[in-house]
1. Given a Förster distance of 45 Å, report the FRET efficiency between residue 443 and residue 395 from their Cβ-Cβ distance, rounded to the nearest 0.05.
2. Apply the Karplus parameterisation 6.51 cos²θ - 1.76 cosθ + 1.60, with θ equal to phi minus 60°, to every residue of the range 358-372 and state each ³J(HN,Hα) to the nearest whole Hz, in sequence, with x for glycine and proline.
3. Could you give the nm distance between label points at residue 107 and residue 191, where each point is 7 Å from its Cα heading toward the beta carbon?
4. Would you mind checking the radius of gyration and Dmax of the range 50-165 based on alpha-carbon positions, in Å?
5. Kindly write out, for the range 233-249 in residue order, the coupling ³J(HN,Hα) from the Karplus curve 6.51 cos²θ - 1.76 cosθ + 1.60 (θ = phi - 60°), rounded to whole Hz, with x marking Gly and Pro.
6. What distance in nm lies between label points placed 7 Å from Cα along the C-beta direction at residue 455 and residue 172?
7. Set the Förster distance to 60 Å, then compute FRET efficiency between residue 479 and residue 67 from the Cβ-Cβ distance, nearest 0.05.
Amino acid sequence: MSAPAMVSRPVPSAAGRLDTRLAVNALGLATCAEWAAWVSVLVFAFDRAGAAGTGAASLTLLITAGVVTLVGGAIPDGPLPNRVFLALLIVETVGFGLAAVAAFADAPLWVILALVSSALAVVSLMRPTIAVVIPALVRTPIELVRANVWITGWEALAIIVGPLLASLALELAGPWAGFVVCSALALLAALLLVPLWRRQLPSGRPPGAAGSSPLAVLRQLGRVLRHGPTRALLVVIAGWDLVVGAVDILAVVIALDRLHLAESAPGWLVAIGGVGSVAGSLLANRLVGRPRLAPLLLLGSGTVAAAWMALSAGQTLLTLGAALVASGLGGALVMVASRILLQRVAPQDAIASLFSVAELVALGATALGALVVQTLIVTRGIEAALLGLGAIIGLATLTVLRPLLRIDKSADAPVVAIRLLRRTTLFEHLPAPSLEGVARAAEPRSYLPGERVITAGEPGDHYYVIVDGQADVVVDGVHRRVMGPDEGFGEIALLSEVPRTATVSAVGPLEVLRLERIDFLTAVTGHDSTRTAAWAVSDHYQDDDRRNGRE
């Protein structure tokens, strides 16, 4: 059994879902601020230095984010990733707030870029952080899939909401007001996350494990480069991020230079592309339950490439809007499938590090997209930029087609089971590779209200960890305690080789993970801290039962 529970406590499944929603919504609002900031700062740069200034601003922001991700990308793999998330949101709030003050005071462009880049750089750390936080909050694999779909849905909605809010602010007051909007969104996100401050969320590492360093991200990059399917996945992600880097510049240049629209038009156009992203996330919600996600990646990547190549035939307000919608739809498919696959292929003690590698690749591809498109616009024209962008994405996907089709076979890590077991007293110190082995061996089981899980006097063949619900413990016909999520039972018979000492029944609907005797004993006897914890818990409950029996 895990940590003792002497009195009944409410089932926290609904609270867990609430916590998940708070974290996802906080990331969504931060992403809205990110998109609004990009529109605001690029319009500001265009006003100050034209198209060349827009390209230079993009590269400055991306390089800063890349350096921050490299240096701090492994931090969320450490303890209390929820507090790391909140700290990042506070930095984002302050950075955008100071940028608003500087823009209002008509500060030089470099000052604005320095402040905005500090805020946007921490956003690049939020995605690795949420990749650690969400698996620690959810209870089942399907909840993890739904959370990933919600995240992508929010990112799609952010493409609409962020630029729209920035456009309204630009229309009414100017870029400084756009940065005020960004700061307000980040502040609201931080307030949503405050209730999670006290939660002791487990990381992928056992307590006391060595911390991360900037080299952790580089080491993870080395692993990725040696693993063909993961490398192929990052190539497809990079293809989409080429578009992310190019789309703002293309929207600004086509809208203001080619179509001669109002200054707020780029924001409205990017928001139109968000409609496609929302549609793509809805479509992905219906498809992600399939066993193979590689075809979804290919469909998304192909749609993105075709949309931009088709736009090279002619740019009107209608064709530009259609390309943005189609590209957004394809990009949403890519991001939903890639997020799920990354969580499955990642070493479970280094999820944030792998997502930081993905973020570095994304930032590099975004910078490359901005550079390539800017160069092609200046040297060959807008049509060449559009055709080249689509061709690069299509060719990159074709070069990794074979390993990409194999990725589903290697993306099988039991992410949710690992985090559930890490929350228990008995398994919290187990090294990551051993814990993954236990999680793979664990079997989900469900029990109806009143149904017996184990019966006193019978042989003990399994150990149980409660995932959701409550279990009633009866010893010698006397009620002893009610157990809840993250607690376990059945270890006494396995450790002491005696019949079951208690009868345990489901109070209501009960979900557990069940471990076979051999898998439990292998894990417990193979690690000193786990063995000590198991005997300590066993002794505690036996002493408690004897004491209560005397009373």
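Only the coordinates and a few stated rules stand behind these numbers; no lab work does. As the structure is a prediction and not an experimental result, all values here were calculated from the model. Cβ atoms come from the backbone with ideal geometry, glycine included; neighbour counts cover every protein chain shown.
1. Calculated value: 0.50.
2. 4, 5, 4, 4, 5, 5, x, 5, 5, 5, 5, x, 4, 5, 5
3. 2.5
4. Both quantities, over Cα of the range 50-165: 16.4, 51 Å.
5. 4, 5, 5, 5, 4, 4, x, 5, 6, 4, 5, 4, x, 8, 5, 5, 5
6. So the two model labels end up 7.0 nm from each other.
7. Working: r = 59 Å, r/R0 = 0.99.
After rounding to 0.05, the efficiency reads 0.50.
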